[in-house]
Each structure stands twice: as structure tokens, then as C-alpha cells.
Protein chains: 2
Amino acid sequence: MDFLEYIESHRDANLNELKEFLRIPSISTKTEHRADIARTARWVADRLREAGFANAEVVPTKLHPLVLADSLEAPGAPTILFYGHYDVQPADPLEFWTSPAFEPAVRDGKLYGRGTADDKGQVHIHLKALEALRKSQGKLPINIKVIIEGEEEVGSVSLWDFVARNKERLKADALVVSDTSMLAPGVPSVTYGLRGLNYYQVEVKGPAQDLHSGTFGGAVPNPITILAEAIAKLHDKNFRVTVPGFYDAVVALSAKERKALRSLPWKESDFRKMVGAPGLCGEKGFSTVERIWCRPTLELNGIWGGYSGEGSKTVIPSKAFAKISTRLVPNQNPAKIAKQVERHIRKLLPKTVHCKFEVLSTGKPWVAPFTHPIFRNAIQALQKGFGKKAVFIREGGSIPFVTQMHDTFKVPCVLIGFGLPDENAHAPDEHILLENYFSGIKSIAIFYSDLAQI
Amino acid sequence: MDFLEYIESHRDANLNELKEFLRIPSISTKTEHRADIARTARWVADRLREAGFANAEVVPTKLHPLVLADSLEAPGAPTILFYGHYDVQPADPLEFWTSPAFEPAVRDGKLYGRGTADDKGQVHIHLKALEALRKSQGKLPINIKVIIEGEEEVGSVSLWDFVARNKERLKADALVVSDTSMLAPGVPSVTYGLRGLNYYQVEVKGPAQDLHSGTFGGAVPNPITILAEAIAKLHDKNFRVTVPGFYDAVVALSAKERKALRSLPWKESDFRKMVGAPGLCGEKGFSTVERIWCRPTLELNGIWGGYSGEGSKTVIPSKAFAKISTRLVPNQNPAKIAKQVERHIRKLLPKTVHCKFEVLSTGKPWVAPFTHPIFRNAIQALQKGFGKKAVFIREGGSIPFVTQMHDTFKVPCVLIGFGLPDENAHAPDEHILLENYFSGIKSIAIFYSDLAQI
């Protein structure tokens, strides 16, 4: 039986196994899910062993364990390092899920559940492609190293330590990652650019304690108002970030790339529909695609302070908080940007309040020249697996490991994504198109198989 | 035994009974405390019966019950209507209480617990003063009607209906309320002005659902940023509220009143210390006392949207919310102000978002001319009860019932408060000075006793 037949005959088994994977709430940002994280790591290692990776192991770290395995039985063939992550974002707000986040459910050709797209579903595509190649051919056509982490959603700190101490062990001719999206349904894509991500938390403290807004209102600094006033000054009327120096190192898009982006089969009307807001907005002088893929941004990810319960409470809170992130593009320096953002926010706040500024994580942007033949190979494998034209795209999200690996090993990084922009990664009703999951397994198997002849 | 001896000999018994009152979490804004509210109403009625009000009753309403009682056995003497409330504010944030909110505790001459000052402690002062008069003299020296409600912290809706339907039953020569503060420790005070209160909730909705801030950031309306930008425009650089028409009906302070306010034994340095912020701020051209007592304000009481948990979540939320209140002064019209605030906020928001604006409650301001002899009587009773000089003050908070009663019955309203500005009403570690509680019982007994000769 050839591997494509094997894959076809295991559709139901694969889907059921993926559901099992999705049921474990491996939320890395919440300490209460530590045991779930550990259980997920063991689950992944077990699946790798079943796929023939006899040495699959769970490697403890200071936070969440790594899963490692390799198969080096194809002398002369290239060595690929496959990276993925088994941790997921929190599921809240829980009340907006149509079916519970950790009880995967199929509706209208889509599989719903936290992690379906980001990134358990995509990791599973590789596990099943490798299993199909091994089971149908006795051995893998290429050499492959697998590293699957549990800290992607919280900054991949342990992974970076591990990579620095295990360069020889992880060395490969190319890195392959599936943690991105396709441009649109029916348009398989290879991603050649990602934005970097810095994440901050700001605390503004006015009064030493909560005060009655009748007894004190009108004469004391209200931290909510003051935080809002600072936030309001972070963008100008052209939606440019006002942090001094923020754009200094940004590399301008070439006319050639802008043209290529414009010619992609991407529809602004689809994007509008997906967002569902009464209108769009963004930096003046750039198209929507450029704004989300190629331009740096500053976004508010959370705000809280005072009373948020039922009814009314006439309080002036002591503190108000915001979670803020900046997405970065070449050649912005994350450490430098973090300092500039902190300095700017502190400058915007009046002397009537205290400010605590924390940098929760930093991460570099990445753009590949995609001249290496492996990129062409990836496009062809996708076209065979999906039976449709594949394209090169960039993406607005961040995968710190890609940058790290690229900087460490100086090898091509090939990002083949099977999610979709409206898949709701990080939001309620996250899902993956079943067609993309099944065609993904085929495409990856073809990709690894064809790489033997590269 | 005269009533002052009776009061002195019941110090411990009174304090213990007050603690019992405070232990019931009668939080009117939260539906889960409905049973506690009902229990508190019964508790108050039982205490009134013990003080000789045989007809004390719990009157059900659409929301929380009223407690009613009267004693009309002093022909020729004036009739007083005493008003108080047995409901309290929520206790959150719970983690900032030194001892639990509903486990009253004495430290450094202060009794701590939710409701100690606002308003259970002050209601209890009257219950015990009336009990002392009755128990030591066999009957009360004046006619008195008692109404104690359970909706003060949520807008007193049922009370207003009740008053409209029971004017004859509630009719009196004067209204007495103890739900305010003294100017400072050792300065017993009669309050002649209160601000009105309008409370609003704003919901800003951008995207139809939460979005990934990597995939979408930079091209979609972020409701947190947009809400913050609107909030930032609600005050100008002189800290004046920018709502068009907001100040139109405001009556200017007379030179005489400004002078009287300036001569009060009130120290800005004490206020600064109490607030504990690095600095103060407020409307240009007015003193701190004027800002908190006599000027209208707009305050943010709560804000929330996106992720506020541990660590980071890269989300652009669909919605962001704010709770906003305006304090009003004569002759601002609450309904008109509510419309102006809504119109202004809607105007400040861009067309890229939806806005839901709710008016949770409205309330008129009140200022008394204090020419009626009962005000002089109150000052003298306080001076006897405390052994200290008493003063006339205004206050920044709101007691909707005072305005309502004043408008309905056109009788003097005498506000005698035993709280303190730093008592943390509506905040963690709410407390009352034991000295004020004990001297308060004496002062009120003297006040009621002396009124017989008015």
C-alpha cells in the first residue's frame, strides 16, 4: 500500500485521535493546568513512538516539558527539523463557545475546539504524515528530528535555553513548521514572513486605596481616566504608533513585493466579513494586507480597573491595568522597542500617579528570502496534496522559535500552514477545516517523500 | 436612670449587637444576596420591636424590602421621619481587606467591616438612641416614623414608589438622616448639601468576535483603544467635563458660601494623606473642598475588556466596557445630563464600532437653606454629645431619598453624619471610629429629647 492510500484509509482513526489530543486542556499560561500540560507531553511522545520514533522522550524544563524524537535512517537524504507546540491559549471567554472548548465537535465540515488550528491540529498532521510514510514503506525517506514544545503561548523560554545547549542534536538542513494559516480556503500557502511580538503589562496607581467617588470625585487622580488618556495618545490620527523611534529601523517594502502582495487571491470583502466590525481602520498609506503582515503595530489586549460586576459601584479605584503588545517587522529590535514603549508610556502619565511597567516577553520578526529549492518543493507538495494552486504569503502573527532557529542555524525555515485567518485561534470557536486537515496530511507526506530526491 | 446613663451602661451590648448587624452580607447590587437582604430587613424590624416599636414591619417591594415603624405618642411634639438604609456595597476587591468584610473587628479604636459607616453603623446609632429614650423614660419625647430601605446602593427605586403611594403615612415635620460624614475626627457636622448621581454603562463593540492580534492587528478597530480614546476626551486640560451643556444649569457659589467653606477646620494636607496618591488634580479655579462638594464631576468607576488574567493573551476583544458616573449640583437636571452624556459619548466614537449606552440610575442634587431652627438644634445636640464645636458642611456623595423627600414633603432635611471622609465607604477596610459611634448615640438621643421643646 502506498502512503496516500494508507492516509485515505485512516481518515476516521486520525480524526478520532486528534479529538483525544484536543480534549486535554494544555493551557500554558495558567499554573493550574500544569498537570494537563505534562499529560499532553506524554501523549505526544506516545504517538511518536507509535509512529516508529523509538527514542521519543519527554524532556523536563523549568516550566513545561519538551517532546523530542528523531529518525536518522536515510543516509544521503536531507535532515529536517520539525517544530510544533502542544500548548494552547486560555479558552475564556467560555460563554462565547458554541460547543465547549475542550470537547471537540464537527460542524459543517469544520472541527471546533481550542487548539484545532493553533497548533495541535497542525502538529497532528505531521505526526500522521510521518506515521503513514513509516507504516507504508517500513522506513522514512528522509532524516527527521522532531521538537514539540509546551511554552509557545508564553514566550518559549525553556525552548530557547534548550536550543542553545543542544545545537548539535537539533542541527538540520531545514526547519519545517506548521503553525500558520493558508491565505484563504482552497489556497494552500507557504509563509515567508512573520511579525515579532513584544508583550507588556502596565499598572497605573493613583490613590493608595479604592475611594468613594462621591466623597472624593473631582479632586483625586482617577487611574482609569489617566490610563485611558495615555492609551489614547499611543496612536496619531493616521493610526501611526506615536512611540518615538518606533518606525526608525523598519525596512520599507520593495515595489516588487508590494506588487506581489497585491496580486494574491485575497479579497478585502472576505476580510471585512470575517472581522464583522462596522468598519476597518489602520495605518494611513498601506493596504489591509500590508497592515496585518508587513507593518508594526501596537494593540491593547486587555484593560481592567474598578468595578465590572452587575449594577453600579461608585468607586474610584486605586489601580487600573492594561495588557499591551507590539508586533514588530524587520529590522526593529525588540529590546530597543520595549525600552522606547516604556519610556513613552511613562512620559505620557502625569505625576499624580505611579506606574509599574513590565515586559512579559519580547520576540524578533522574521522574513525569509525563499530562494532555497525547498520552498519550491513545499509549494509543489501542497499543489499535489490539495489539487490547487499554492502561493507565498506573509503573516501577522509571531512564532519565536522560527526566528531563534533561523538565527542559530542559518538554515531555511519553511512555514506550511493549514489554518485559516477566520479559524479563531486565541478566540472562542477556534476550528480547522476538515478538508485542510486531511489534505494537509497528504501534502506533508508528499513533501517529506519528495525531499528525498532534492 | 436618665437616658445618658442608660447609653453609657449599654456600650458593650450595643457594640456586640452592631457586629451582629454587620455580619449579614446585605449586598443589594448582587442578586445572589437576596436572601441575606431579606434576613437583614427582618433583623432590623426585630430590633425596632425591642426598642418599643410594636408595629415594626417588613414591607416587600419588587426588589428589596423596606422596614417601617412609627411611635406617635407625644401629642404637641414634632414628628420626625428617620431614614436609613440596611443594604451595603459589594466587598470586592476582597484581597485588600485587613480583616474579612463581613467579620467585624475592632483595631485602634475603630470598628472595621462593610457597612460600619455606610450605613448600618449609623442606622444602629438611631436604633440605640431611640431604645435608650424609651427604656429610660417609658415613652419617646417626640413622634417618630422610621423607614429603613434595602436599595440605597442601587438607586432606591422601590422606595420612591412607596413614598409616592404613602405620603400621608410618612408625613413629618422634618426628615433626619445619618448617612454622611463628619468634616474630620473631633468635628461633628451637619450636612446641608449633597451632589446628585447619574450612573451609566457603555459597551463598545468592534469585531463580531475576539480576534488574534497577530493575524488581525493593525487593520481592525480595537474596542479597548477606541473606548480609551473616547474616555480621554471627556475632560479638557483644565479638568472640566467636555460634555456640551454640562455646566449650563450650574448655580455659581456665592462669595459668602465660598468664604464659609474656606474658614472650616479642614486641612488639605490631611486630605492628601488620606488619598495617598502622588498628587491631586481637579477642575481649574476651584479649591479641593469646592471640587468635592460643590462642583459637578464625571468619574470612571470601572473599565474592562480583553484578557486580564495571568501572563499574556494576544487577543483583540470584540467588546470593551466602562462604568461612568456623573455627580451633579444645583440646578443640573439629571435626565437632561444623561441625554447630553450619551449624545457626547456616541459622538466621540468612530463609525467603526457599535455602542450600547445604558443609564443605570439618575439622581438630583440637594442643598438646604438651613434656616429652620431644627438645624441649630442639631448643632447643639452634637456639641453636647461630643463635647466639641460642631459645623455646617456639604458633601460630595448622594442620598437620593433626601432629594425625593425634600421635593415631596417640602420639609427640612437634617443630615447628621457620624462617618469620616477616610472611613473607606465603598472600599476595602471600611470602618467607623468607636468614639463617633458612642458619642453619636448620645447626640441623637439628646437631639430627639431636646426637639420636644422646640
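Is it the case that B:K388 is part of a loop (DSSP other than H, G, I, E, B), touching a Gly at 6+ places or on another chain (Cβ under 9 Å), over 22 Å from B:G84 (Cα atoms) and not assigned by TED's automatic domain parsing to the domain that holds B:G217? Please lay out each step first, then the result.
Details: part of a loop (DSSP other than H, G, I, E, B): yes; touching a Gly at 6+ places or on another chain (Cβ under 9 Å): yes; over 22 Å from B:G84 (Cα atoms): yes; not assigned by TED's automatic domain parsing to the domain that holds B:G217: yes.
Here the answer is yes, as B:K388 does meet what is asked.
I'm checking my understanding of the structure. Among residues of the stretch A:165-201 that are out of contact with any helix residue (DSSP H, G or I) (no Cβ under 6 Å at 6 or more places or on another chain) and closer than 20 Å to A:I345 by Cβ, which one is surrounded by the most Cβ atoms within 10 Å (Cβ to Cβ)?
A:L197
For A:G279, indicate whether it is of a type outside the set (D, E, K, R), under 26 Å from the mean Cα position of the chain (by Cα) and surrounded by fewer than 21 Cβ atoms within 10 Å (Cβ to Cβ). Quick ask: steps written out before the conclusion?
Working: of a type outside the set (D, E, K, R): yes; under 26 Å from the mean Cα position of the chain (by Cα): yes; surrounded by fewer than 21 Cβ atoms within 10 Å (Cβ to Cβ): yes.
Answer is yes for this residue.
Within the group A:T288, A:T225, A:T242, which residue is hydroxyl-bearing (S, T, Y), outside the structural domain of A:V190 (by TED's automatic domain parsing), at pLDDT 95 or above and under 30 Å from A:G186 (Cα atoms)? Break it down stepwise before answering.
On the way: A:T225 fails: under 30 Å from A:G186 (Cα atoms); A:T242 fails: under 30 Å from A:G186 (Cα atoms).
After applying the criteria, what remains is A:T288.
Keeping to the stretch A:127-160, report how many residues are part of a helix (DSSP H, G or I), within 27 Å of A:V359 (Cβ to Cβ) and of a type in the set (A, V, I, L, M).
Summing the residues that are part of a helix (DSSP H, G or I), within 27 Å of A:V359 (Cβ to Cβ) and of a type in the set (A, V, I, L, M) in the stretch A:127-160 gives 3.
Can you pull out every residue in the stretch B:256-286 that is not basic (K, R) and not in a loop (DSSP other than H, G, I, E, B)? Reasoning before the result, please.
Applying the first criterion (not basic (K, R)) to the stretch B:256-286 yields B:257, B:260-261, B:263-266, B:268-271, B:274-283, B:285-286.
Within the stretch B:256-286, B:E257, B:A260, B:L261, B:E268, B:S269, B:D270, B:F271, B:M274, B:V275 meet the criteria.
What number of residues within the stretch A:182-201 are under 17 Å from A:P296 (Cα atoms) and not basic (K, R)?
The initial filter retains those residues of the stretch A:182-201 that are under 17 Å from A:P296 (Cα atoms), namely A:192-200.
If we keep only those that are not basic (K, R) as well, we get A:192-194, A:196-200.
Residues meeting the conditions: 8.
Spot the failing condition for B:V289; the list is (1) assigned to a strand (DSSP E or B); (2) of a type in the set (A, V, I, L, M, F, W, C); (3) farther than 17 Å from A:T352 by Cα, and only one is missed.
(1)
Scan (1) touching a strand residue (DSSP E or B) at 6+ places or on another chain (Cβ under 6 Å); (2) surrounded by fewer than 24 Cβ atoms within 10 Å (Cβ to Cβ); (3) facing chain A (nearest Cβ under 10 Å) for the single condition B:I316 breaks and write down its number.
(2)
For the stretch A:363-383, how many residues are at pLDDT 90 or above, surrounded by fewer than 18 Cβ atoms within 10 Å (Cβ to Cβ) and farther than 20 Å from A:L261 by Cβ?
Total meeting the criteria: 3.
What's the number of the only condition in (1) at the interface with chain A (Cβ under 7 Å from one of its Cβ atoms); (2) free of Cβ contacts under 8 Å to residues at least 60 places away in the same chain; (3) among the basic types (K, R) that B:K339 fails to meet?
B:K339 satisfies all of (1) at the interface with chain A (Cβ under 7 Å from one of its Cβ atoms); (2) free of Cβ contacts under 8 Å to residues at least 60 places away in the same chain; (3) among the basic types (K, R) except (1).
Where the second residue is in a helix (DSSP H, G or I) and among the basic types (K, R) and the first is facing chain A (nearest Cβ under 10 Å) and lies in the stretch B:260-282, which pairs have Cβ atoms under 7 Å and are six or more apart or on separate chains?
What qualifies is B:L280/B:R272; B:G282/B:R291.
Do we find a residue being more than 8 Å from chain A (Cβ to nearest Cβ), surrounded by fewer than 18 Cβ atoms within 10 Å (Cβ to Cβ) and in a loop (DSSP other than H, G, I, E, B) anywhere in the stretch B:205-220?
No, every residue in the stretch B:205-220 fails to be more than 8 Å from chain A (Cβ to nearest Cβ), surrounded by fewer than 18 Cβ atoms within 10 Å (Cβ to Cβ) and in a loop (DSSP other than H, G, I, E, B).
Conditions tested, residue by residue: (1) over 27 Å from A:T215 (Cβ atoms); (2) out of contact with any Leu (no Cβ under 8 Å at 6 or more places or on another chain); (3) at pLDDT below 95.
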| position | (1), (2), (3) |
| --- | --- |
| B:L264 | no, no, no |
| B:R272 | no, no, no |
| B:P278 | no, yes, no |
| B:Y307 | yes, yes, no |
| B:S312 | yes, no, yes |
| B:K336 | no, yes, no |
| B:K351 | yes, yes, no |
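The values are calculated or read from the model by the stated rules, or taken from the named source; none is laboratory data. It should be emphasised that the depicted structure is a prediction, and the values quoted were computed from it without experimental measurement. Note that we place each Cβ from the backbone using ideal geometry, even for glycine, and neighbour counts take in every protein chain shown.
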